[in-house]
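Peer 1: One structure is given below, represented as structure tokens, and several questions about it will come after.
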Amino acid sequence: MPVQGIWSGTISFSLVAIPVRLVKAIEPGRVSFRLLHSKDYSPLSRRMLCPKEESMVPEDEIVRGFEIAPDQYIQLTDEELESVSPERSRTIEITEFIDREEVDPIYYDHPYYLVPSKGGEKAYHLLAEVMRRTNKAGLAKFVLAEREHLVALTSRDGALVLTTLHYHQDILPEEETPLKKGKVPPEERSRIKKSIEQRMKDFDPGKYANDRRKKLVELLAKKVKENAPVTAPVTGEAEGEGPADLVAALEESMRKLKENR
Amino acid sequence: MAGTTLWKGYVHFGDTDVPVRLRASVREERTQFHLLHKRDGARLRQQMVCAYEKKPVPGKEQTKGFELEEGKYLLIDPEEIEQTAPESSRMIEVHEFVKTGQVDSLLLDRLYYLEPDLADIRGPEFNALVKALEELHVAGICTWTMRKRSYLGALQVRGKTLRLSTLRYADELILPTSLNLQKVPLSDKELKIGMELLEKLTAPFAPEKFQNEHQEKLREMIAKKARGEKILILPPRRLEPTESDQLLQALEASLRKAA
């Protein structure tokens, strides 16, 4: 399986620089459906529509805007956006190392792998190996898709894992309730402990499956026996063609919008 | 400000039920951009377009299909998809307890605080659960349903706080072995100096000292542009990779620099 690169650049620590690519570590196991036009079964593509001209807008006519007042926007070009943090958009500079155990998992956001680019194999392997032996993680900041991330680099089975971390300022405080200070009667304590000990196992995450996906696959298996598939008309354009990064950015902002509700 | 309650229910195992509330542990704010039409500055709207007719398609003419092979779709009624959604429930069912060290950090997804549901708590069961998980160093592996989705999770204690992390399914994790990384021989000297260098560059983990500077600078740039000032275009910094035969020298020089 060829690994798709999300980003390419250089890791640096002190005077050592390692060319790398960022790749996925997680492949969401979703069963995905395609939106179709019920009249002709042609797949639908997401396009941007200009309400003023009532026309579809090609990618090179789209620009990002920040709303400073209702319906008043400041346009920013890609070059301007990249100029915000030029030192971090192509470099992951490890400014310090920490002991791995010190990181509270509450900071973990999303993991990726880094793989070496041509010529970087040896230095990459060295960094992975010395981090493994010392059980350390490297801390760095870098900018990915216009967001500056604090990241932890760790070593795992010879590979470098890059985990984005939440900023400390974004961690919500725990709630203090008087109940938490309450005493636990010894008999209740030993009852719960016993109940837990009876249910101790070795963790095998592989035995837990996504039930939803199983059901969807079953549904599809049933459908495929009952119905013949429909054929989409040939359009002459590659399927799903369109501004891929734009669509991803949109989905991301839609998701955020929903979450904030 | 503390987050609001996202969900209420019970942690259940054996004959124990603990009323709990789920709260977010993280809140992120980010600069939100909109997509504009360069020419007229109009804010763009997203529209589904028929790839064949090249025309906008209204919602009532949209249907769903699963692609069996290129251009061949099995039609699925969206209602049938809806029916596969899990039934709602108020129970976080703990299936087993495992040593906390066995929970792979790459599987950890979102983390929530689990607070006692004070409206419903009857006795000392919440505190007893926290104490027991802490003393035994275990995590409860559990499943629950929230907002029409089923989740796999790990119930853990850190400090005195009960936390619930959603876990990714094991088959969603890409294994490092699939990256086909080749081992490159390293000399003892390179390893020794590398480790020394890491020790020299080690500091205590102090997450509070890292701020999102980019966000600040981005806002400044927007303000500058709003005032009509010119934005200076800066190319991204690109570093020259260390050549393999220069690695030892680079490590030695780094060590001298760190000393």
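The values are calculated or read from the model by the stated rules, or taken from the named source; none is laboratory data. Just so it is clear, the structure is predicted and the values come from calculations on it, not from any experiment. Cβ sites come from the backbone with ideal geometry, for glycine too, and all protein chains shown count toward neighbours.
Peer 1: I want to confirm something. Restricting to the range B:162-183 and keeping residues that are in contact with a helix residue (DSSP H, G or I) (Cβ under 8 Å, 6 or more places away or on another chain) and touching a residue at least 12 places away in the same chain (Cβ under 8 Å), which single residue is farthest from B:Ala250 (Cα to Cα)?
Peer 2: B:Leu162
Peer 1: Counting only residues that are under 20 Å from the mean Cα position of the chain (by Cα) and of a type in the set (D, E, K, R), which one in the range B:98-126 is surrounded by the most Cβ atoms within 10 Å (Cβ to Cβ)? Quick ask: steps written out before the conclusion?
Peer 2: At the first step, the residues of the range B:98-126 found to be under 20 Å from the mean Cα position of the chain (by Cα) are B:100-114.
Now restrict to residues that are of a type in the set (D, E, K, R): B:104, B:109-110.
Values: B:Asp104: 15, B:Asp109: 20, B:Arg110: 15.
If we take residues in the range B:98-126 being under 20 Å from the mean Cα position of the chain (by Cα) and of a type in the set (D, E, K, R), then B:Asp109 is surrounded by the most Cβ atoms within 10 Å (Cβ to Cβ).
Peer 1: Which members of the range B:111-131 meet the condition of being among the small types (Gly, Ala, Ser) and touching a Lys or Arg at 6+ places or on another chain (Cβ under 9 Å)?
Peer 2: Of the residues in the range B:111-131, the ones among the small types (Gly, Ala, Ser) are B:119, B:123, B:128.
B:Ala119, B:Ala128, listed by residue number.
Peer 1: Got a number for residues in the range B:57-77 being more than 7 Å from chain A (Cβ to nearest Cβ) and either among the β-branched types (Val, Ile, Thr) or in a strand (DSSP E or B) (or both)?
Peer 2: Total meeting the criteria: 1.
Peer 1: Based on what the data block shows, is A:Val16 in contact (Cβ under 8 Å) with a residue 12 or more places away in the chain, at the interface with another protein chain (Cβ under 7 Å from one of its Cβ atoms) and in contact with a strand residue (DSSP E or B) (Cβ under 9 Å, 6 or more places away or on another chain)? Write out each step before concluding.
Peer 2: Details: in contact (Cβ under 8 Å) with a residue 12 or more places away in the chain: yes; at the interface with another protein chain (Cβ under 7 Å from one of its Cβ atoms): yes; in contact with a strand residue (DSSP E or B) (Cβ under 9 Å, 6 or more places away or on another chain): no.
When the stated conditions are applied, A:Val16 does not pass them.
Peer 1: Could you check the range A:100-109 and list, in sequence order, the residues that are surrounded by fewer than 19 Cβ atoms within 10 Å (Cβ to Cβ) and at the interface with chain B (Cβ under 7 Å from one of its Cβ atoms)?
Peer 2: A:Glu102, A:Asp104, A:Pro105
Peer 1: Please work out if A:Ala123 is more than 7 Å from chain B (Cβ to nearest Cβ) and at pLDDT 95 or above. Give the steps one after another, and end with the answer.
Peer 2: Details: more than 7 Å from chain B (Cβ to nearest Cβ): no; at pLDDT 95 or above: yes.
When the stated conditions are applied, A:Ala123 does not pass them.
Per-residue answers, yes or no, for (1) surrounded by 15 or more Cβ atoms within 10 Å (Cβ to Cβ); (2) at pLDDT below 85:
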position	(1), (2)
A:Asp204	no, no
A:Leu219	yes, no
A:Lys225	no, no
A:Pro229	yes, no
A:Ala232	yes, no
A:Glu237	no, yes
A:Glu241	no, yes
A:Asp245	no, yes
A:Arg255	no, yes
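So that you can scan it fast, the table gives a plain yes or no per residue for (1) closer than 19 Å to B:Val94 by Cβ; (2) surrounded by 16 or more Cβ atoms within 10 Å (Cβ to Cβ); (3) assigned by TED's automatic domain parsing to the domain that holds B:Ser105; (4) of a type in the set (Ser, Thr, Tyr):
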residue	(1), (2), (3), (4)
B:Ala128	yes, yes, yes, no
B:Lys131	yes, yes, yes, no
B:Ala139	yes, yes, yes, no
B:Thr145	yes, yes, yes, yes
B:Lys148	no, no, yes, no
B:Leu152	yes, yes, yes, no
B:Val157	yes, yes, yes, no
B:Leu162	yes, yes, yes, no
B:Glu190	no, yes, no, no
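Peer 1: Within the range A:19-43, take every residue that is touching a Lys or Arg at 6+ places or on another chain (Cβ under 8 Å) and touching a residue at least 60 places away in the same chain (Cβ under 8 Å) and give me the one that is surrounded by the fewest Cβ atoms within 10 Å (Cβ to Cβ).
Peer 2: The qualifying residue surrounded by the fewest Cβ atoms within 10 Å (Cβ to Cβ) is A:Arg30.
Peer 1: Now for a different question. So B:Gly71 passes all but one of these: (1) free of Cβ contacts under 8 Å to residues at least 12 places away in the same chain; (2) crowded, with 16+ Cβ neighbours inside 10 Å; (3) within 23 Å of the chain's Cα centre (by Cα). Which condition number does it fail?
Peer 2: Against the list (1) free of Cβ contacts under 8 Å to residues at least 12 places away in the same chain; (2) crowded, with 16+ Cβ neighbours inside 10 Å; (3) within 23 Å of the chain's Cα centre (by Cα), B:Gly71 comes up short only on (3).
Peer 1: Further question on the same structure: Checking A:Arg132 against (1) without any contact (Cβ under 8 Å) to a residue 40 or more places away in the chain; (2) at the interface with another protein chain (Cβ under 7 Å from one of its Cβ atoms), which single condition isn't satisfied?
Peer 2: (2)
Peer 1: Here's something else I'd like to know. Does B:Leu247 qualify as being in a helix (DSSP H, G or I), closer than 22 Å to A:Gly9 by Cβ and either hydroxyl-bearing (Ser, Thr, Tyr) or under 36 Å from the mean Cα position of the chain (by Cα) (or both)? Give the derivation first.
Peer 2: Working: in a helix (DSSP H, G or I): yes; closer than 22 Å to A:Gly9 by Cβ: yes; either hydroxyl-bearing (Ser, Thr, Tyr) or under 36 Å from the mean Cα position of the chain (by Cα) (or both): yes.
The answer is yes for B:Leu247.
Peer 1: Any residue at all in the range B:217-228 that is among the basic types (Lys, Arg) and more than 34 Å from the chain's Cα centre (by Cα)?
Peer 2: Going residue by residue through the range B:217-228, those that are among the basic types (Lys, Arg) are B:217, B:219, B:224-225, B:227.
With the extra rule that they be more than 34 Å from the chain's Cα centre (by Cα), the set shrinks to B:227.
Yes, that holds for at least one residue.
Peer 1: So which strands (runs of 3 or more DSSP E) are wholly in the range A:37-129 and hold at least 3 residues that are more than 29 Å from B:Ser25 (Cα to Cα) and touching a strand residue (DSSP E or B) at 6+ places or on another chain (Cβ under 6 Å)?
Peer 2: On the way: elements: A:44-50, A:62-69, A:72-76, A:91-99, A:108-116.
It comes to A:44-50, A:62-69, A:72-76.
Peer 1: Still on this model: Does the range B:216-251 hold any residues that are more than 7 Å from chain A (Cβ to nearest Cβ) and among the polar types (S, T, N, Q), and which are they?
Peer 2: Hits for the range B:216-251 are B:Gln246, B:Gln249.
Peer 1: Okay, moving on. When you go through (1) under 25 Å from the mean Cα position of the chain (by Cα); (2) assigned to a loop (DSSP other than H, G, I, E, B) one by one for A:Lys183, which number turns out not to apply?
Peer 2: The one condition A:Lys183 does not meet is (1).
Peer 1: Restricting to the range A:74-90, count the residues that are surrounded by 21 or more Cβ atoms within 10 Å (Cβ to Cβ) and either more than 7 Å from chain B (Cβ to nearest Cβ) or out of contact with any helix residue (DSSP H, G or I) (no Cβ under 6 Å at 6 or more places or on another chain) (or both).
Peer 2: Counting residues in the range A:74-90 that are surrounded by 21 or more Cβ atoms within 10 Å (Cβ to Cβ) and either more than 7 Å from chain B (Cβ to nearest Cβ) or out of contact with any helix residue (DSSP H, G or I) (no Cβ under 6 Å at 6 or more places or on another chain) (or both) gives 2.
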